[in-house]
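Written below as structure tokens is the structure these notes are about.
What follows is calculated from the coordinates using simple rules that are stated; it is not laboratory data. Every value quoted in this text rests on a predicted model; they were computed, and no experiment measured them. Please note: Cβ atoms are built from the backbone with ideal geometry, for glycine as well, and neighbour counts cover all protein chains shown.
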Amino acid sequence: MNKSYEVEYCNLELRFDRRQIRNFIKSLIQEGYSLYWNENEQQFVISIRTGRKLIKLKFQRIGDRYKIVGDYSFKDEKLSELMEKMIGDTRGHAIVKRFRERQIVIENIMFGEIIRMVEISGVEHKVLFQKEPVVTLDEMIQAFKSKRAEERAAVLRLELDYELAVLHEAMQAGDAEKTAACKERLKGMRSEMLQLEM
């Protein structure tokens, strides 16, 4: 094992059911880790011995599920692999920092997938990977070329005219309730029209 190997897990947002925690414990035992666990009404704690160090993973109880809390730092590659499998299996979020000699690799994980990976060497930052956004530039161009907004705007103008006529009748009849309702609908239509014209 590389002596300078270290992985830090921050901003963890992983949610589990009891079965997933049991499977994690089973994996740790199969890998030969010495461990024990205890639980109370608020949390479930797994204490894992790695060499001379004792790592306590804390799972906060939320109803009948659990959420891992805290930041963790491991110098054990196998434990890191198990932790990352858990992040993937739960489709969790995390920031993972890998320290190797004079280099740090930072991975942003969302829904169990790496969305961004940055390498830091001294003062140099290099983006190794960046997941493409869900909406691509081509899709945005297509949306601007689309005539749907223009078609909706034409229909909306007719709706506005009708609602203004209803408002005029309500005001002439002195119907305060109908007048207020019309004004509220017109406010919504005005807002939609402004969005379509942007």
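For this structure, a couple of remarks:
- Nearest-ten-degree value, helix 77-89 long axis tilted from longest Cα axis of the chain: 30
- Each peptide in 87-94, 10-17 was scored by the mean count of other Cβ atoms within 10 Å over its residues; highest first, the order is 87-94, 10-17.
- Note on Gln43 and Ile104: with the Förster distance fixed at 45 Å, the Cβ-Cβ geometry gives a FRET efficiency of about 0.90.
- Rounded FRET efficiency, nearest 0.05, which uses the C-beta distance separating Ala154 from Ala180 and R0 of 35 Å: 0.80
- Of all lysines in the structure, those lying under 28 Å Cα to Cα from Lys97, and not within fewer than 8 positions of it along the same chain, are Lys3, Lys26, Lys53, Lys56, Lys58, Lys67, Lys75, Lys78, Lys85, Lys126, Lys131.
- Relative contact order for segment 6-130, counting Cα pairs under 8 Å that sit 6 or more residues apart, in percent: 26
- Angle of helix 148-173 to the longest C-alpha principal axis of the chain, folded into 0 to 90 degrees and rounded to 10: 50°.
- Net charge of neighbours whose Cβ lies under 13 Å from the Cβ of Ala170, counting Lys and Arg as +1 and Asp and Glu as -1: -2
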